[in-house]
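Reading through the structure tokens given below for one structure.
The values are calculated or read from the model by the stated rules, or taken from the named source; none is laboratory data. Small disclaimer: the values here were computed from a predicted structure and weren't measured. As a convention, Cβ positions derive from the backbone with ideal geometry for all residues, glycine included, and neighbour counts pool all protein chains shown. Protein only, heavy atoms only, side chains kept; ligands, DNA and RNA dropped before computing areas. Shrake-Rupley method; radii C 1.70, N 1.55, O 1.52, S 1.80 Å.
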Amino acid sequence: MAGERVKLQVQERESRGSAESRRLRKQGLIPGVLYGRGKTPYPISIPERELRRVLTGGQGLHAILDVTLEGQKSTHPSILKEYQQHPVKGGIIHVDLQEVRLDQPIQARVVVELIGEPVGVTEGGVLSQVSREITVEALPMEIPEHLDLDVSGMAIGDTLRLVDLPVQEGVTFLDDPEETVLATVTMPTRIVEPEPEEGEELEEGELAEGEELAEGEEAPAEGEEAAEDAGTGSDGESGTNEG
């Protein structure tokens, strides 16, 4: 649901750099930066468990974070601006938080979720989601967690675009409504094996169409047939001269 606010306490980070970041991660802290409204970026660190808690809540990555610096009472309403993940383990290794005003709209990327099973799929078609996220603009408290698109009425050959996505009050879609394709239902791709061309040469030991071996006879090995022809005269007798 939109409008969820989560408290997040962070700590000041004395220095930057890859060595410092590695040291923090070994201590269970995630390095980050808090960007204020016209203020100098503030280096911070966040306990990994605390960060995981706020980002896996009901609002997920779109939660409004009430950030407080350790030892201070002031609150900084912020959103998750960017994050970096470990290339192998997948965990978050760095975050950028952006302080926002709750009375001014912001832009965000929101996931589109497909709802229902298309009629065309039951008839053998294939459903494809072309665009999984769209850009929206809304007040920070009105950014939706996700947007639902009903695809149950789609037949084979149908396409749904951003213009087909139900409008949500207070939310503006910024992508091109006609050019942004969200989902399609198409026939499955068939792989057709090429047929051999007429008159194609036979492989070694292969029989021509309609030709059969006599019972007990084996196909001649390569070179046998030529040798046999060379040693037989036109009358069928051996071509070897006697005496």
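Restricting to segment 23-133, compute how many DSSP beta bridges are antiparallel as a %, nearest 5.
Close to 80 percent.
If packing is taken as the average count of other Cβ atoms within 10 Å, what order do 127-134, 78-85 fall into, highest mean first?
Top to bottom by mean Cβ count within 10 Å: 78-85, 127-134.
Taking 22 Å as R0, compute the FRET efficiency from the Cβ-Cβ separation of Val130 and Glu178 and round it to 0.05.
Once rounded, the FRET efficiency stands at 0.95.
Leu139's amide H: which non-local residues (gap 5+, or another chain) put their own amide H closer than 5 Å, with H modeled 1.01 Å from N in plane and none for Pro or chain starts?
Ile106
Given labels modelled 7 Å from the Cα in the Cβ direction, how far is it in nm from Thr122 to Gln104?
Each label point is offset 7 Å from its Cα along the Cβ direction, giving 5.1 nm.
Given a 1.4 Å probe and every protein chain left where it sits, what share in percent of the accessible area of segment 60-99 is carbon and sulfur?
Carbon with sulfur: 50 percent of the solvent-accessible area.
With a ≥ b ≥ c the root eigenvalues of the C-alpha gyration tensor of segment 76-196, is it rounded (a/c under 1.5), prolate (a/b larger than b/c) or oblate?
Oblate is the answer for segment 76-196, as a/c is 1.5 or above yet b/c matches or exceeds a/b.
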